[in-house]
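In what follows, a structure is listed as structure tokens, so that the remarks can point back to it.
The values are calculated or read from the model by the stated rules, or taken from the named source; none is laboratory data. Only a predicted model underlies this, so the values are computations on that prediction, with no experimental measurement involved. Virtual Cβ from ideal backbone geometry, glycine too; neighbours counted across all protein chains shown. Quick note on the areas: whole protein, heavy atoms, side chains included, nothing else; ligands and nucleic acids left out. Shrake-Rupley method; radii C 1.70, N 1.55, O 1.52, S 1.80 Å.
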Protein chains: 2
Amino acid sequence: MLIGELARQTGCDAETIRYYEREGLLSAPQRSSSGYRRYNAEQLGELNFILHCRSLGMSLADIRNLAAFKADHRHDCEDINLLIDQQIGKVHRQIESLRLLEQQLLALRDKCHDTHSAADCGILQTLVEAAEGEPCVCHTPFGQDNHGHSHDHDHAAKKNGRTQKGRP
Amino acid sequence: MLIGELARQTGCDAETIRYYEREGLLSAPQRSSSGYRRYNAEQLGELNFILHCRSLGMSLADIRNLAAFKADHRHDCEDINLLIDQQIGKVHRQIESLRLLEQQLLALRDKCHDTHSAADCGILQTLVEAAEGEPCVCHTPFGQDNHGHSHDHDHAAKKNGRTQKGRP
DNA sequence: ACAAACCTTGTAGTCACTACAGGGTCAAGC
DNA sequence: GCTTGACCCTGTAGTGACTACAAGGTTTGT
């Protein structure tokens, strides 16, 4: 099966498949005489495994580890449990901080219900004041645990801590 | 005040401040004869506004818009409300999909409590089987609304849809 | 013979930073 | 006057997980 067919069967973009191969997650397939990638059922399974793990929010690095554990059958599964536990912890912290975020946004939204001039907009005023005074709740979205180089997709406020680090 | 002092007062890295300037979020400060950036209270306010919005999970593009609304006082605040509502919607959807994710991970974790060989690890087995059969819950983490180029913190499974797009 | 649909590689862009190289400036101390 | 160290500058490249495109080669059908 060619890459397009694999893409169709898995719902994964062909460019992403090539990307996974480059990243060493997917084993390099055989090639036809003209250089086309030829996949078999085994690689279909490999890719589905990757996609399923991705759908559980795991990073490619985590999946690489998991695949290594899978390959080495003498390995005991302590590390696997640890990996899943870490994933659960990560997701849990994300949920917590997003909930806080939601609260703050809803409170903000509450400042303005009718359409009027931006000069009188309660939301804008609140934002400006909050930035000035900054005695705010100041959660740290998915933060702190951010050592290493995880970069964690936490857009928001990352390491800057604001209340802690800021104004001493 | 020099950039280091501004960094200290806001808890924002100096390199990030320069980045915000490059991106046009922060107005270009005056320069000393030797080219050093000199900030005043107004720019301190500007930066705090940006950081506060970031801590609410807004993208730099959103903040740019918000700042434009702030500047143009004749503008009415409908767009501001819309922006906040969209932000709330985004956060809400993220929470929902993360909750689902958490359930799946907890169910997965439940497959293995003791340390034993990876060959017998319930987690690994479950992952492999789930990838093969794939009659799974198959949530789509923060997906779908992903038009444009939002990139949205969604690690997970992004557009690939899996159950929808895959295997027709 | 030719077009459409596929495949290849390589490079650059996304977002919000972060890190570093390679230099310049400034104040304090000797 | 000279050195040291803390600061500042610009510019470029890297992060994660893709996505998009350019410029070309191959295969298949009419």
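Taking all protein chains together, A:Asp13, A:Asp114, B:Asp62 sort by accessible area into A:Asp114, A:Asp13, B:Asp62, largest first [probe 1.4 Å]. The range A:8-23 and the range A:37-90 have their alpha-carbon centroids 16 Å apart. If you take the square roots of the eigenvalues of the alpha-carbon gyration tensor of the range A:77-138 and sort them as a ≥ b ≥ c, do you get rounded (a/c under 1.5), prolate (a/b over b/c) or oblate? It comes out prolate by the Cα gyration axes.
Each residue of the range A:51-67 was assigned a 3J(HN,Hα) from its phi angle through the Karplus curve 6.51 cos²θ - 1.76 cosθ + 1.60 (θ = phi - 60°); the sequence is 5, 5, 4, 4, 5, 8, x, 6, 6, 4, 4, 4, 5, 4, 4, 4, 5 Hz, with glycine and proline shown as x. Heavy-atom accessible surface, probe 1.4 Å, ligands and DNA/RNA ignored: which residues of the range B:50-75 lose at least 50 Å² versus the isolated chain? By number: B:His52, B:Arg54, B:Ser55, B:Leu56, B:His73.
I need the shape label for the range B:50-91. Rule: rounded when a/c is under 1.5, else prolate if a/b > b/c, else oblate, with a, b, c from the alpha carbon gyration tensor.
Oblate, since a/c reaches 1.5 and b/c is not below a/b.
To the nearest 10, the accessible area of A:Asp85 is 60 Å² with a 1.4 Å probe.
The same position A:Glu132 in the other copies lies at 6.5 nm from this copy, comparing label points 7 Å beyond Cα toward the beta-carbon, shortest first.
Between A:His92 and A:Thr115, 0.36 nm times their residue separation minus their Cα-Cα distance comes to what? Length gained between A:His92 and A:Thr115: 4.6 nm.
Shape class for the range B:1-75: prolate, because the ratio a/c of the largest to smallest gyration tensor axis (alpha-carbon atoms, square roots of eigenvalues) is 1.5 or more and a/b beats b/c. By a 1.4 Å probe calculation restricted to protein chains, A:Glu129 has an accessible surface near 110 Å², given to the nearest 10.
Chain B packed on chain A takes about 6500 Å² of accessible surface away from a 1.4 Å probe, both sides summed. Electrostatic bookkeeping for A:Ile84 treats Lys and Arg as +1 and Asp and Glu as -1; over the other residues with beta carbon under 12 Å from its beta carbon, the sum is -3. Shortest first, B:Gly35 label-point distances to identical copies amount to 4.5 nm, with the label point at 7 Å from Cα along Cα→Cβ. When you filter the trypsin sites (Lys or Arg not before Pro) in the range B:14-96 for DSSP loop state and at most 13 other Cβ atoms inside 10 Å of their Cβ, you are left with B:Arg74.
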